Protein chains: 2
Amino acid sequence: MSDQRPVGVLDSGLGGITVVREITRLMPQERIVYLGDTARGPYGCKSDELTRKCSLECAGFLLSQDIKMLVIASNTVTAVALELIRDLCRDIPVIGTIRSGAYTNAIYILEPGMKVFSKECSLLIPVAEEGTGNSDIARAIAQYYLYELVDSGIDCLILGCSHYPLLLEVFQDVVSSRIELIDCALWTAVEMQGMLEVLDARFAGDAGGLAQNYFYVTDPAPVVRKNAGLFSGGLIKELKTVSIDQLTK
Amino acid sequence: MSDQRPVGVLDSGLGGITVVREITRLMPQERIVYLGDTARGPYGCKSDELTRKCSLECAGFLLSQDIKMLVIASNTVTAVALELIRDLCRDIPVIGTIRSGAYTNAIYILEPGMKVFSKECSLLIPVAEEGTGNSDIARAIAQYYLYELVDSGIDCLILGCSHYPLLLEVFQDVVSSRIELIDCALWTAVEMQGMLEVLDARFAGDAGGLAQNYFYVTDPAPVVRKNAGLFSGGLIKELKTVSIDQLTK
């Protein structure tokens, strides 16, 4: 059986476009409806209560677009609102990005003897958003954060934020080439593919590519338009707006 | 004549607390009502239209607190909404932070032969907010931005953002000690003092200090509480909340 309906992707901003790129690379025929809550994001500096309210309103909008699955591309939303969004979306599957700390737990379950080191690299998000992804200052900041990890003798580095794929070159420059980089945007796309196959809900038809997708934001500020181009590699042609008033109606 | 009413201070976040500190240093007896729109800020990445809507709602709340003057502590709000806020606050004076580019124009008017170089240092805002203000990475980022300016032989550096006073030590380390640092939070407080004196509206009474001031935010997220302590030097004891629903009622 085939399900022609689109997949919804929810984020507080534009970082989730890196997840869309991986989905489109793995499953070019699937259609996407993306919503980035740029009027109220980033959620990282908001209270859990406000993040829950905003994410539920965004999930409600995506549900109204007749989606067959919802992908949460924000770690913050996954951490504080995944269960509430699942309650709201009773008839379709919801998958989240991997939560902070969940990497470590999952690895210990699979391989109890493995050593895991983790490091929050908060300044790398504005670096990616400034479009300074491949610059000396990005390299200096990445080096500052990763020095200890590299020194601990790691052989694999998990990039646990949807902004980090924009900094791949920088990470590769900073860590030795024997260290494998694992991208969480790709993991999320792989999880989605697996679930669509289990449900027998893949789209059967011609590949549409990014041109057949819809990208909505709640505020189309100039920096949002610029970053939509940057994060999608120039592939987003039209950015649609849905206002907060429309979301909460 | 004396005017016992408080002064309103409006910001999209907590950076404006550096302006409150300067006001309190210069005029310890004046009372302040501060509102930081943390539920919808930072405004820097929002459209002008949304910034105008949000700032007018915030100004309306401060007006309802019976203020004698409104200080806009955000460059973004000053740039896009100063005139609209003046229209709203017809009976009281409104002063803004100095707009981007306005420094250069003002200097050319006063001293036409002077050379002015300017540099946007956008990554320094998250550096200040991360509380990494006095660290190696802050110094590396400041150096990256200021290298060219210092190399141009400047003898004075204007810190044109309300977050920069939190990075004073770093700036002083990076630029030579013969370069004078000028802080825009202090300038704003000086302008306010001058205007209150012209209007004969200074508060006549005992100095209350920061304890007599009210600090409101629209979302009391944990990082907001942490930064309120950081930005005020631990002087804010209570952070009050006014929700967006209350603002727009």
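The values are calculated or read from the model by the stated rules, or taken from the named source; none is laboratory data. Model, not experiment: these values are computed from the prediction. All Cβ positions, glycine included, derive from the backbone under ideal geometry; neighbour counts span all protein chains shown. Accessible surface is based on the protein model in full, side chains and every heavy atom, while ligands, DNA and RNA are left aside. Shrake-Rupley method; radii C 1.70, N 1.55, O 1.52, S 1.80 Å.
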Whole-number D in µm²/s for chain A (Stokes-Einstein; Kirkwood sum over Cα pairs; 25 °C, 0.890 mPa s) | 131
Give me the percent of the accessible area of the range A:38-158 that comes from carbon and sulfur atoms, probe 1.4 Å, all protein chains in place.
-> 50
Given the options A:C161, A:C184, A:C45, state which has the largest fluctuation in a GNM of chain A using a 10 Å cut-off (strictly under) for Cα springs.
-> A:C45
Using a Förster distance of 25 Å, how high is the FRET efficiency between B:I109 and B:S152, based on the Cβ-Cβ distance and rounded to 0.05?
-> 0.70
Which of the peptides B:190-198, B:218-226, A:27-35, A:114-122 is most tightly packed, and how do the rest follow, judged by the mean count of other Cβ atoms within 10 Å per residue?
-> A:27-35, B:218-226, B:190-198, A:114-122
GNM top mover of B:E22, B:E169, B:E129 - chain B, alpha-carbon springs below 10 Å | B:E169
Given a 1.4 Å probe, how much area per residue of the range B:48-167 is accessible, in Å²?
-> 48
The range A:58-151: Kirkwood hydrodynamic radius (Cα pairs, Å) comes out at 16.2
Evaluate peptide B:40-52: per residue, the Cβ atoms of other protein chains within 10 Å of its Cβ; return the mean as an integer.
-> 5
Provide an ascending nm list, one decimal, of label-point separations from B:L110 to the equivalent residue in each further copy; define each label point as 7 Å from Cα along Cα→Cβ.
-> 6.2
Rh (Kirkwood; distinct C-alpha pairs) - the range B:1-119, Å = 15.2
Under a 1.4 angstrom probe, counting protein chains only, how are A:T104, A:T188 ranked by accessible area, largest first?
-> A:T104, A:T188
How high is the relative contact order of the range B:111-210, given as a whole-number percent (alpha carbon pairs under 8 Å, six or more residues apart)?
-> 26
Shielding of A:122-131 by partners, i.e. mean partner chain Cβ atoms within 10 Å per residue?
-> 4
Across the residues of B:134-146, average count of Cβ atoms on other protein chains within 10 Å?
-> 2
What number, in percent, do you get for the relative contact order of the range B:53-119 if the mean sequence gap of Cα pairs under 8 Å and at least 6 apart is divided by its residue count?
-> 31
Once the convex hull of the C-alpha atoms of the range B:196-249 is built, how many Å³ does it hold per residue, rounded to a whole number?
-> 126
Under the Karplus relation 6.51 cos²θ - 1.76 cosθ + 1.60, θ = phi - 60°, what is the ordered set of whole-Hz ³J(HN,Hα) values for the range A:32-41, x standing for Gly and Pro?
-> 10, 10, 9, 10, x, 7, 5, 6, 10, x
Where does the Debye-calculated log10 I(q)/I(0) of the protein assembly as shown sit at q = 0.06, 0.09 Å⁻¹, using only Cα point scatterers of equal weight, no solvent?
-> -0.31, -0.69
Would you give the gap between the C-alpha center of the range B:121-156 and the C-alpha center of the range A:170-237, rounded to a whole Å?
-> 33
P(r) tail fraction, the range B:104-238 - alpha-carbon pairs more than 27 Å apart, % | 36
Area hidden from solvent between B and A (accessible, protein heavy atoms only, 1.4 Å, total, Å²) = 1900
Whole-Hz Karplus ³J(HN,Hα) for the range B:185-197, in order, using 6.51 cos²θ - 1.76 cosθ + 1.60 and θ = phi - 60°, x for Gly and Pro?
-> 5, 5, 4, 5, 5, 5, 4, 4, 4, x, 5, 4, 6
Inter-label distance for B:L199 and B:D3, nm, one decimal - labels placed 7 Å from Cα along Cα-to-Cβ = 0.3
